[in-house]
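This report concerns only the one structure given below.
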C-alpha cells in the first residue's frame, strides 16, 4: 500500500470502522498522492471504456471500476468489498425510499391527467411570445417530483401541439421545456442526486431549493427561451439549418393518449396486426384540474420548506417545532404527499379499469418498475464513492486541487463535469463528485448549499453519445445525430456553464 494510503488507514482504523466513509482531513500532497490521483483517473477511464466500448451496463461498469480502484490503490483485499458495500449503504440510506415515493407520486399525477391539465392551462393562457416562458416554467414545475425522462414523456404531447400550431421544428419549440426539466433534475431536491449531495455536504434542504431556484431560473432562461429564440431566428433565416423541418412536415411525435387498455388484433383482410381497443370496464372518471395537480406536486416541497424554517416559525423544542421538523424530513414529506395524492388523485385515474383500492395498489406496484434500473446504478455509484474515499484517492485528488488554489465551487463543477463527460449520467456524475468532495466540505469556506448547486450544474455539461438522455431526445424529436448535437448538446452545455455563473454570483452575494 502507498504511504498516503497507509496514513489514511491508520487514521481511520483508530476509529475502528473505515467502511463507514468517515470524514477525514486529506494528507499533504506527496508523490504517492499523484499515484492515487492516477488510480482515480484510471477508474474513470475504465468506466468510459466499459460503457462506451464494451457496452457494459453502467451498474456493472461502476462495480468493476470500484473494485479495480481499490486493488490498484493498495487497499487490503478483504477491505475492498466492505468499502464498496459501505458506500452503497450510505447512498441508499439517503435516497432509496424517497425515490420510490417520488415514483408513486409521478405515476399518480400522470395517470390522473394532472400533468396534461396543468400544461394545457399554462399554454392556453399564454400568447406566442409567452409560450417559451410558460414551457420553461412548466418543465421546472412538473420536473420537481419526477425524473427528467418521465417529465419529457408526460409533456411531449404539449410540445408537439405547440409545434404544429406554430409550424416550427419541435426541438426548437421544446427547448425551454428541456431546460426547465434539466435544471431541476440536476440541482433541486428531492431529485435523488441533488438530495444525496445535500446530505453528503450537510446542506439545508430548504435553502438548497430556494437558492437552487434563484440560480436555476436565470440559467434555464438563458439556455431555454433565449437560446431557443436565437436558434429559431437562425432557422427562419436559413430554413435548411441543420436539416430541421417544421412540425407539419415531420412525422407525428406521439400518438394521441389512449385512455383504455390496448392490444393487437390481426386484420383478416391484410393479415397485419393492428391496435385494437379493449372493452372498457367502466366509464372513465373526470380528469383532475390544474389546481389539484399543482397542489399534489407542491405539497412535499412546502413541507420540506416548513421543516427547514421550523426554528424560525416555532420555539425550539416545542411540539409545533418538532412536528414541523418531522413532517419536513424528505422521506416523511414524500410519504405524506403520496398518501394525499392517493386520496385526491386516485379516484380520477384514467385507465378504464375498475377503480378502487386494488387498482391503486396495482398502480403503486407498477410505479416501482421504471426506477429499478436507476436504483441499481445509484447503488453502484455509491459503492465507487466509498472506495474512492476509503482508498485515499478522493482525499488525494481534492488535496492536490486545493493545493492549486482552485476555487471550491469551480472544483465541484469541474469534478462533476469530468465524470459527466466520461460516463454520460448526470445522476452518477453528481453522486461521484459529491462523494469525493464530502470529506472536505468543512475546509472549503463556502456554503454547502452552493456546493450542491455547483456540483449539480457541472453534472449537466456536454450531453453526448454516452448519455441515455441524448438518445431519448433524438428519438422523441425525430433528429439525426448532427441535429441532436447542435441542439440538445448545446442547450445542456449552455445550461451548465450559465448555471455555474449564476451560482458564483449568488455565492458572492450571500457572503
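The values are calculated or read from the model by the stated rules, or taken from the named source; none is laboratory data. None of the values given here were measured: they were computed from a predicted structure. We place every Cβ from the backbone using ideal geometry, glycine too, and count neighbours over all the protein chains shown.
So the values come out like this:
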quantity	calculated
Failed condition for residue 159, given (1) at pLDDT 80 or above; (2) within 15 Å of residue 116 (Cα to Cα)	(1)
Odd one out for residue 88 among (1) free of Cβ contacts under 8 Å to residues at least 40 places away in the same chain; (2) part of a helix (DSSP H, G or I)	(1)
Selection count where residues are within 29 Å of the chain's Cα centre (by Cα) and part of a loop (DSSP other than H, G, I, E, B), scope segment 31-83	4
Matching entry among 102, 119, 139, 106 (being in a helix (DSSP H, G or I), at pLDDT 80 or above and closer than 25 Å to residue 337 by Cα)	139
Test: residue in segment 433-450 that is touching a helix residue (DSSP H, G or I) at 6+ places or on another chain (Cβ under 6 Å), within 19 Å of residue 224 (Cβ to Cβ) and surrounded by 23 or more Cβ atoms within 10 Å (Cβ to Cβ)	no
Unmet criterion (only one of (1) assigned to a helix (DSSP H, G or I); (2) modelled with pLDDT of 85 or more; (3) farther than 15 Å from residue 206 by Cα) for residue 315	(1)
Some residue of segment 414-431 being outside any helix (DSSP H, G or I), crowded, with 22+ Cβ neighbours inside 10 Å and within 15 Å of the chain's Cα centre (by Cα)	yes
Residue list for segment 453-511, restricted to those being surrounded by 24 or more Cβ atoms within 10 Å (Cβ to Cβ), in a loop (DSSP other than H, G, I, E, B) and within 16 Å of the chain's Cα centre (by Cα)	459, 460, 461, 463
Tally of residues being in a loop (DSSP other than H, G, I, E, B) and touching a helix residue (DSSP H, G or I) at 6+ places or on another chain (Cβ under 6 Å) across segment 122-136	1
Flag for residue 172 being in a helix (DSSP H, G or I) and at pLDDT below 90	yes
Sole residue being loosely packed, with under 15 Cβ neighbours inside 10 Å, at pLDDT 80 or above and out of contact with any strand residue (DSSP E or B) (no Cβ under 9 Å at 6 or more places or on another chain), chosen from 81, 31, 76	76
Residue within segment 376-394 that is at pLDDT below 75 and either touching a helix residue (DSSP H, G or I) at 6+ places or on another chain (Cβ under 7 Å) or over 25 Å from residue 418 (Cα atoms) (or both) present	yes
